[in-house]
Amino acid sequence: MNDTDRAGSQAPDGSPKLPRLPPLAGFDGTLARRCTESLRTAILDLRCRPGMWLGKRDICAQLGVSRSPVSEALARLAAEGLVEIRPQSGSYVARLSMEKVREGAFLREALELHAAERVAPVADAALLAALADNLAEQEAAQAAGDHPRFYVADAAFHELVLDATGFPRLARFSRTAWVHVDRARRLLLPEPGRLAATIAEHRAIHAALAARDPVAAREATRLHLGRLLAQLEPLAQERPDLFSRG
């Protein structure tokens, strides 16, 4: 029996009930696109944990939509590797994969190292001020213990540098490459000292850009991204329930 016919909201393996999903009103586009973004957000911010069953009836009830846009949303997320659709069983949040995390980190590093190197010689006052404001927002989020707020500011910091290259699609390419790393890195944010360390690493990038030193900017970016991957590697051993074996 698949989840089309299953009564109620009980997952096949007795896993927890679907958490509250972000409302569709927060997203643009078609109904299917908005369902996709709502589910993607819940998966990326770990409201929907790796391995969790995604019952279509529950999703439809929460979002107030029919089955068609939900089915389309799940198919799109499966194509991105965020959802696993199992015949005769239903849809599940894909477990994390260190292979995909390493691949995403490699692609993101290739983009960001070149971006930092390109931007440093031409970093202007507007960019530096925007980065400084962003760092202040990161510190405010840290002081408040607001991890979701910090995550938004963190992502915006990187996009400011990427956008400064003058290549308008670069930030989107980077987000796509980073999607699997994104999920894994959220597990690290509650760790003591991680927010402060991230801010210090961002400040080093800002200082290198302010000095208009492309070598220093590239190295500061490399150290920042490399430290994250080094912390994620042992996580797969510590939390095998969240990671696939492949």
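Below, the figures for the structure above:
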{"item": "Length added when fully stretched, Glu191-Arg102, from 0.36 nm per residue minus Cα-Cα", "result": "29.9 nm"}
{"item": "In Hz, Karplus ³J(HN,Hα) per residue of segment 23-28 (6.51, -1.76, 1.60; θ = phi - 60°; x = Gly, Pro)", "result": "x, 5, 4, x, 10, 9"}
{"item": "Fraction of alpha-carbon pairs over 31 Å apart in the chain - percent", "result": "30 percent"}
{"item": "Neighbour-count ranking [beta-carbon atoms within 10 angstrom, fewest first] of Thr41, Thr30", "result": "Thr30, Thr41"}
{"item": "Residue with peak Gaussian network fluctuation, the chain [Cα springs, cutoff 10 Å], from Arg175, Arg20, Arg108", "result": "Arg20"}
{"item": "For Gly90, residues with placed amide H under 5 Å, excluding near neighbours", "result": "Asp3"}
{"item": "Amide H within-cut-off set for Arg95, under 5 Å, with H built and near neighbours excluded", "result": "Gly51"}
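Each reported figure results from applying straightforward, stated rules to the coordinates on display, with no laboratory input. Because the structure is a prediction, the values reported are computed rather than measured. Neighbour counts run over all protein chains shown; Cβ positions are idealised from the backbone, glycine included.
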